[in-house]
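S.K.: Have a look at the structure that comes next, please.
The values are calculated or read from the model by the stated rules, or taken from the named source; none is laboratory data. Note that this is a predicted model, so its numbers are computed, not measured. Here the Cβ positions follow ideal geometry from the backbone for every residue, glycine too, while neighbour counts run over all protein chains shown. These area figures cover heavy atoms from the full protein model, side chains too; ligands, DNA and RNA do not enter into them. Shrake-Rupley method; radii C 1.70, N 1.55, O 1.52, S 1.80 Å.
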Amino acid sequence: MTPLTLATATVLVALAAAGIYAAICSTLPFTRCRRCEGTGYRTRTNAFGRTKLRPCRRCSGAGTHLRAGRRLYYLARDIHAEATTTVLPARDSKPHKPGW
Amino acid sequence: MTEYQSNTIGLDHANDIADDTGEFGEVIPFDRGTDAERVDMVDGTVVAVVDDLDRTVVATDGNADGDEEASGEPDDLPSSMTWAAPDRASGERAPVIPPWLRSGQARKAAARQAVSTARYYTAFHAVRTPLYATKTLGYSLVGVGRVTGKVTRWARAEEGNYELRQQAAASNDAYTWQALNKVRAREARGRLWALSLAVCTLLILATILLTTGLLAGPVLGVSLVGLMLLFAHLGRPADKPILGRVATGRKFTKLTGDLVRNALVALAVRGITAPEQVEFCHPGIHRDGPGWLARVNLPEGVTAVKVLEKRDALAAALRLPVDQVWPAAGPDHPGQLDLWVGYHPASKTGQPLWSLAGDAVSTSFFESAEFGTDERGRPVETTMFQRSYLLGGQPGSGKSYAARALVGIAMLDPTCELKICEFKGTGDFLDLEDLCSTYVCGVDDEALDQGVALGRWLVTEAEKRGRRILAARKRGEAPQGKVTPELAAKPGSGLHPVCVLIDEAHELFLYSADAAGNIERAIKRLRALGVSVILATQIPDKSSLPPGITRCVTNRWCLSVAGQVENDMILGTGAYKRGLTGTVYRPVFDAGWGCMTGGAAPVAVRSQFPDEETWAGMVARSASLRGGKVVGAPIETAPARDLLADLTEVAASNGQHWDTAAEALAETWPEAYPHLTAAALSDMARTAGLASVNVKITGEVRRGYRRTDLVKLRTTRDEATPVETEGGED
Ligand SMILES: [Zn+2]
């Protein structure tokens, strides 16, 4: 195995993986939250040894969250939209009066 | 004015009737009787063109008779309207076989058009086959992708759900997303089963077909190609057809109703405002000769002439060259328009064989014969009798060849005398020299003097013939005071037909105003006397083409000219504005094309242009018809008379008055000095260098010449040219 084939194979595998990941992101945008294991809340032991339930901060208590790829996509989309959309200044509300 | 009656005559009768038609109305069956199309001729000019005889047999009397035109003065430019034949009334039956199928020539033209189109398309696409194959392959892959996508979308029941789910994802609403997805999954279950079942069936079917060998070899290939084409069709972008666009803009394939209607509305003629107002007559737009004919009824109150005036606008609206669009007044009423659009511009089409070029064809001075073709390739005929022609056009317009076509008619009548003057000096008609009783070629004074002599000869001939006709009329042989074929054929009658051609006539008219006057008088008088004069000129202005001549010529043929002024100089004032123009023709490219007036309707004519071999054959045939003899006698060499010597003869001791001298000269040498007036003589003498002064003879002082001047002039001249004492006026 030459380094070139190795590099090529790596790139191909990476591309394939990226493609598969993109497909997953597209069809299944949400994934189970790993922090709370899909429950949406976490147990917490305080100084006195008592356990207390509180919502998972990572998924805001939903148990699922958007995949990183999907979030990245939305971020890119928003940046693009912001860069390419012209926001017109507010219209002058005064009615137009022709000169005649 | 002339009255015309146009009759509809069945095919089988056309020939019979053509023989016994009146003197001035001929019905010439197109394609020599085998054809439905017909051109009505009155007095040698196309009156009406009947393309689709709507009856198989309609026989009426063939006498399309017209009043004789008042001799001498030709009519004003005739109207372009024709009278409809009474039996062309409404409620006719449609022809069993379409007219374009009945005419052999039209059939051939249509077939040729179809074959040429097919060949062009085949070649066009054959060259691009590799490109098409690549495109098809690419698009078919796209098509497969699209089909797969669509099937998947259906099987997954994404319709209406996908977008909502995306929205939920975008707003990070996992709960909604999951709810939506659950609904979708429930719906999709059945569909997925169905899909997998269908795929399995297809696979099994394909396997069976392949293994049993039913789907093998060419069948497999064809079905694969078909499948590929199907996918390519599904996969191609909507705005990008696989086949290259053949249209080159100028290519015209079919005249459609919308085209005609929109073009007519676009003309902005008052009264035509909406496309629906233009109604098509039966049988609608159809093939007619080498093109399409649309016969339409214009809205009430709009005449076809209004459209004819705007021919170029019509061509512009149809996006076609002007010489491809030929509007004409329709046969039924003034508001009917016949719009004929050729497959190709007229300047780019070939010309049918000249009927006079056939073997053993002879003509008669008194009968019409073909000299050119119209835009539809139909022959246009004319008679030489009672007609005079004026051909005008810029250099390269094909004047000489147009004149040749007319001379061709006269040439093939073995009784017709030919006199040709060609003042270009290049011998354009040299091959006809042996047939001519007078042949003049050159631009020198000698040639021009012969031209002047021809003018004088024409006038004296008119005198003589007038007297002969008078005598014949008294005997009852010339009932209308005109030469008849019988009289002309009678040996020794002195009334045989004569055709005089003067090419580059402006040279002669500029050289001698006398000649112009003589020719004008002769044209007026000789029309009915069996002498036809053809004038060809390239500089039509007042001095080179006296308006008197233009006015008295019956047929004016305006070939390619540069502008409106020249055009109207030939065709008459206002002709350009009425749409009669030779300006549409380009010199050289459209050589021989011209607009001819002189009959009921002006026609666009392209003169016949036989190749050298054919023409040589025609000249040889003419010579053999004439038995190798020249008809007629050369003109008495009047210019051989020495004016100065003759003036010396008639002078008194110190000189002579012009009027006395003119009388004496005319009396002594009537052939050389016919109708000589004092003013004309003084003019001629001044040209010769003899001064006009007051002279006193027998006690009277009037204008005249001195004998001393005369003697001095003759001695200096004789010294200058000691050999040529017969040099004329030099
Ligand atoms: Zn969580």
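S.K.: When the stretch B:457-488 is examined, which residues are found to be among the basic types (Lys, Arg) and open to solvent by less than 40 Å² (accessible area, probe 1.4 Å)?
M.R.: Correct list: B:Arg465, B:Lys482.
S.K.: Next question, about the same structure. Out of B:Arg250, B:Arg245, B:Arg236, I need the residue that is at pLDDT below 85, over 30 Å from B:Leu337 (Cβ atoms) and out of contact with any Phe, Trp or Tyr (no Cβ under 7 Å at 6 or more places or on another chain). Which one?
M.R.: Values: B:Arg250 fails: over 30 Å from B:Leu337 (Cβ atoms); B:Arg236 fails: out of contact with any Phe, Trp or Tyr (no Cβ under 7 Å at 6 or more places or on another chain).
Every option except B:Arg245 fails the conditions.
S.K.: Moving on to the next point. What are the pairs, 6+ residues apart or on separate chains, where a residue within the stretch B:466-477 that is in contact (Cβ under 8 Å) with a residue 12 or more places away in the chain has its Cβ under 8 Å from a residue that is of a type in the set (Gly, Ala, Ser) and part of a loop (DSSP other than H, G, I, E, B)?
M.R.: Pairs found: B:Arg468/B:Ser493; B:Arg468/B:Gly494; B:Ile469/B:Ala478; B:Ile469/B:Gly481; B:Ala472/B:Ala478; B:Ala472/B:Ser493.
S.K.: Further, regarding this structure: Just the residues that are in a loop (DSSP other than H, G, I, E, B), of a type in the set (A, V, I, L, M) and within 13 Å of the ligand (Cβ to nearest atom), please, taken from the stretch A:39-70.
M.R.: First, pick out the residues of the stretch A:39-70 that are in a loop (DSSP other than H, G, I, E, B): A:39-40, A:46-50, A:56-63, A:67.
Okay, now just the ones that are also of a type in the set (A, V, I, L, M), so A:47, A:62.
Of everything in the stretch A:39-70, just one residue is in a loop (DSSP other than H, G, I, E, B), of a type in the set (A, V, I, L, M) and within 13 Å of the ligand (Cβ to nearest atom), namely A:Ala62.
S.K.: In addition: Give me the residue from the stretch B:325-371 that is touching a Ser or Thr at 6+ places or on another chain (Cβ under 9 Å) and part of a helix (DSSP H, G or I) and, out of that set, farthest from B:Pro602 (Cα to Cα).
M.R.: Top of the filtered list is B:Ala357.
S.K.: Do we find that B:Arg102 is exposed (fewer than 14 other Cβ atoms within 10 Å of the Cβ), under 30 Å from B:Pro290 (Cα atoms), under 48 Å from the mean Cα position of the chain (by Cα) and away from chain A (no Cβ under 14 Å) in this structure? Let's see the steps before the verdict.
M.R.: Working: exposed (fewer than 14 other Cβ atoms within 10 Å of the Cβ): no; under 30 Å from B:Pro290 (Cα atoms): yes; under 48 Å from the mean Cα position of the chain (by Cα): yes; away from chain A (no Cβ under 14 Å): yes.
Spelling it out, it is not the case that B:Arg102 is exposed (fewer than 14 other Cβ atoms within 10 Å of the Cβ), under 30 Å from B:Pro290 (Cα atoms), under 48 Å from the mean Cα position of the chain (by Cα) and away from chain A (no Cβ under 14 Å).
S.K.: Now, a different point. Which of the residues spanning the stretch B:349-358 are closer than 17 Å to B:Met618 by Cα and touching a residue at least 24 places away in the same chain (Cβ under 8 Å)?
M.R.: First pass over the stretch B:349-358, keeping only residues closer than 17 Å to B:Met618 by Cα: B:352-358.
Listed by number, the residues that qualify are B:Pro352, B:Trp354, B:Ser355, B:Leu356, B:Ala357.
S.K.: Here is a further query. Can you work out which of the residues in the stretch B:173-190 that are closer than 11 Å to B:Asn161 by Cα and at the interface with chain A (Cβ under 9 Å from one of its Cβ atoms) is least open to solvent (accessible area, probe 1.4 Å)? Break it down into steps so the answer makes sense when it comes.
M.R.: As a first pass, look at the stretch B:173-190 and keep what is closer than 11 Å to B:Asn161 by Cα: B:177, B:179-185, B:187.
Now drop any that are not at the interface with chain A (Cβ under 9 Å from one of its Cβ atoms), which leaves B:177, B:181.
Values: B:Trp177: 12, B:Asn181: 32 Å².
Restricting to residues being closer than 11 Å to B:Asn161 by Cα and at the interface with chain A (Cβ under 9 Å from one of its Cβ atoms), the top hit is B:Trp177.
S.K.: Can you pull out every residue in the stretch B:688-705 that is of a type in the set (A, V, I, L, M, F, W, C) and surrounded by fewer than 14 Cβ atoms within 10 Å (Cβ to Cβ)? Talk me through it step by step, then tell me what you get.
M.R.: As a first pass, look at the stretch B:688-705 and keep what is of a type in the set (A, V, I, L, M, F, W, C): B:688, B:690-691, B:693, B:695, B:697, B:701.
Once the filter is applied, which keeps residues that are of a type in the set (A, V, I, L, M, F, W, C) and surrounded by fewer than 14 Cβ atoms within 10 Å (Cβ to Cβ), the stretch B:688-705 yields B:Ala691, B:Val693, B:Val701.
S.K.: Condition check: within 14 Å of chain A (Cβ to nearest Cβ) and closer than 30 Å to B:Asp239 by Cα. Does B:Glu163 satisfy that?
M.R.: yes
S.K.: Kindly provide the set of residues from the stretch B:679-716 that are hydrophobic (A, V, I, L, M, F, W, C) and assigned to a strand (DSSP E or B), ordered by number. Working first, answer last.
M.R.: Initially, the stretch B:679-716 is screened for residues hydrophobic (A, V, I, L, M, F, W, C), giving B:679-681, B:684-685, B:688, B:690-691, B:693, B:695, B:697, B:701, B:710-711, B:713.
Within the stretch B:679-716, B:Val693, B:Val695, B:Ile697, B:Val701 meet the criteria.
S.K.: Another question about this same structure. Can you confirm whether B:Leu526 is touching a residue at least 60 places away in the same chain (Cβ under 8 Å) and assigned to a helix (DSSP H, G or I)? Give the derivation first.
M.R.: Details: touching a residue at least 60 places away in the same chain (Cβ under 8 Å): yes; assigned to a helix (DSSP H, G or I): yes.
Yes.
S.K.: Filter the helices (runs of 4 or more DSSP H) completely within the stretch B:145-240 down to those with at least 3 residues that are more than 30 Å from A:Arg70 (Cβ to Cβ).
M.R.: Values: elements: B:161-170, B:174-212, B:218-235.
Answer list for the stretch B:145-240: B:174-212, B:218-235.
S.K.: Suppose we filter the stretch A:44-59 for residues that are within 13 Å of chain B (Cβ to nearest Cβ) and open to solvent by less than 100 Å² (accessible area, probe 1.4 Å); how many remain?
M.R.: If we filter the stretch A:44-59 for residues that are within 13 Å of chain B (Cβ to nearest Cβ), which is where we start, we get A:56, A:58-59.
When the remaining residues are screened for being open to solvent by less than 100 Å² (accessible area, probe 1.4 Å), the result is A:56, A:59.
Residues in the stretch A:44-59 being within 13 Å of chain B (Cβ to nearest Cβ) and open to solvent by less than 100 Å² (accessible area, probe 1.4 Å): 2 in total.
S.K.: Test A:Ile24 against the criterion of being at pLDDT 90 or above, under 23 Å from B:Lys182 (Cα atoms) and β-branched (Val, Ile, Thr), and give yes or no.
M.R.: On the way: at pLDDT 90 or above: yes; under 23 Å from B:Lys182 (Cα atoms): yes; β-branched (Val, Ile, Thr): yes.
Yes: the conditions hold for A:Ile24.
S.K.: Restricting attention to the stretch B:482-492, does a residue exist that is under 25 Å from B:Met684 (Cβ atoms), assigned to a helix (DSSP H, G or I) and either touching a residue at least 12 places away in the same chain (Cβ under 8 Å) or of a type in the set (Val, Ile, Thr) (or both)? Before the answer, list the steps.
M.R.: Within the stretch B:482-492, the subset under 25 Å from B:Met684 (Cβ atoms) is none.
No, because not a single residue in the stretch B:482-492 is under 25 Å from B:Met684 (Cβ atoms), assigned to a helix (DSSP H, G or I) and either touching a residue at least 12 places away in the same chain (Cβ under 8 Å) or of a type in the set (Val, Ile, Thr) (or both).
S.K.: Still on this model: Return yes when B:Ala357 is at pLDDT 90 or above and in contact with a Gly (Cβ under 9 Å, 6 or more places away or on another chain) and no when it is not. Don't jump to the end; show me each part of the working.
M.R.: Numbers: at pLDDT 90 or above: no; in contact with a Gly (Cβ under 9 Å, 6 or more places away or on another chain): yes.
The answer is no for B:Ala357.
S.K.: Has the stretch B:149-159 got any residue that is modelled with pLDDT of 90 or more, more than 14 Å from chain A (Cβ to nearest Cβ) and open to solvent by 60 Å² or more (accessible area, probe 1.4 Å)?
M.R.: Yes, because at least one residue in the stretch B:149-159 is modelled with pLDDT of 90 or more, more than 14 Å from chain A (Cβ to nearest Cβ) and open to solvent by 60 Å² or more (accessible area, probe 1.4 Å).
S.K.: Follow-up question, since we're still on this one. Would you check which residues across the stretch A:6-38 are in contact with a Gly (Cβ under 8 Å, 6 or more places away or on another chain), within 16 Å of the ligand (Cβ to nearest atom) and open to solvent by less than 70 Å² (accessible area, probe 1.4 Å) and list them?
M.R.: Matches in the stretch A:6-38: A:Cys33, A:Cys36, A:Gly38.
To keep it simple, each residue is scored yes or no on (1) open to solvent by less than 30 Å² (accessible area, probe 1.4 Å); (2) among the acidic types (Asp, Glu).
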residue	(1), (2)
B:Gln564	no, no
B:Leu571	yes, no
B:Ala604	yes, no
B:Ala620	no, no
B:Ala633	no, no
B:Asp659	no, yes
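S.K.: Look through the stretch A:60-81, keep the residues that are of a type in the set (A, V, I, L, M) and open to solvent by less than 50 Å² (accessible area, probe 1.4 Å), and return whichever of them is farthest from the other protein chains (Cβ to nearest Cβ). Write out each step before concluding.
M.R.: Within the stretch A:60-81, the first condition is being of a type in the set (A, V, I, L, M), and the residues that meet it are A:62, A:66, A:68, A:72, A:75-76, A:79, A:81.
After this cut, where a residue has to be open to solvent by less than 50 Å² (accessible area, probe 1.4 Å) as well, the list is A:66, A:81.
Values: A:Leu66: 6, A:Ala81: 12 Å.
Going through the qualifying residues, I end up with A:Ala81.
Results for (1) open to solvent by 40 Å² or more (accessible area, probe 1.4 Å); (2) at positive phi; (3) basic (Lys, Arg), shown as yes or no for each residue.
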residue	(1), (2), (3)
B:Ala266	yes, no, no
B:Ile272	no, no, no
B:Gly284	no, yes, no
B:Asn297	no, no, no
B:Leu308	no, no, no
B:Val325	no, no, no
B:Ala329	no, no, no
B:Gln336	no, no, no
B:Ala346	no, no, no
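S.K.: Then there is this: Which condition number in (1) at pLDDT 85 or above; (2) within 12 Å of another protein chain (Cβ to nearest Cβ) is the one that A:Thr84 fails?
M.R.: Unmet condition: (2).
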